[in-house]
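To start, the structure under review is shown below, and the notes come after it.
Computed from the coordinates by the stated procedures, all read-outs in this text should not be read as laboratory data. Treat the numbers as computed from the prediction; the structure is a model and nothing was measured. We place every Cβ from the backbone using ideal geometry, glycine too, and count neighbours over all the protein chains shown.
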Amino acid sequence: MTTANPAMHTSGFEGRPVRGWRLVVEGLTVVVLEQPRLWLMGLAGFLARGGVIVFALPIVVLPSAVGIANFFGPTSVTAAGPAARLVALFAVAAVGAAAWLALAVVVGSVVDRAMIGAHLQAMGSSVSEGASGRLVDLVVIRLALLMPLAFAVAWASGRVVEAAYQELILPSNLSTALVVRVLLRAADAVAVLGVIWVVCETVAAMAVRRSVIDGSGLLAALRDALRHLLRHPASTLGTTLLSVLVSVLGLVPVAFALSASWSALRTALLEDGRPPTVVLALVGFLAVWLGGLLVAGVLAAWRSAVWTGEMARFDIARSGDR
């Protein structure tokens, strides 16, 4: 790995050693805040990988049980099995989900490679000579780490469907929304799914960075990521917990603000109707929406940066360039 003087790249590392975990996090935080282009790249990756759902859920009215039944129709399932219409609906949904997944992985990998290169340059490092960080390698790594998550989703889906069925035939509390009741009834499945998702994302983040830094393929990148986890469990766990905590603390208020501003806009449009009130509510909603996108972009760029720092700081320290 070739290196340069860290102080030459960004004030975030000026006069500081690059190995210490806290100093690397602080330095890369400064790097992210100083480079708005990283916010845009982070936002693109965040939205492509499903972050758009975070911005859609607060303003989408979830269908009721009756609405779902009316959509599928009473003849969707017959004594002979699923009707052709139901099969077609599931086929379209499957194709759409597969297309979205493919696009998300490719766009996310392009964003990863660009941002990791920017982070390494800021830390005073560049990838090894001959290391390519090929897009196909990054895509394969991401897809491979999605497989355990896919099995977890399949298992958890069964638990959620069972919980939904129980809530439909024997509701536990009609004063609580159906979605909330289902999630509470299947809380164990949701918790397991969340843990597996965090683990897969952690290993994928480390493996992708090893691929970009060393030009490793799938097996070598996974091996190096697991080796890093075993050698540096404290800093790896710290990076995971910090990135999850900061993301939750940043995005949950955004979701609540979006929901509140959307409700205010709906009220202004459907109940008040006065132009000044409608315009004020619309401006407020757009401001919250744009502010939420900004927060999401900064957080995504920051998460990417701290993971690059976690994977690169030991290589830079071993090079002797402090």
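Descriptive notes on the structure:
- Each peptide among 200-208, 113-121, 304-312 gets the average number of other Cβ atoms lying within 10 Å of its residues, and from highest to lowest they stand as 304-312, 200-208, 113-121.
- Neighbourhood net charge (14 Å Cβ-Cβ; Lys/Arg +1, Asp/Glu -1) for LEU170: 0
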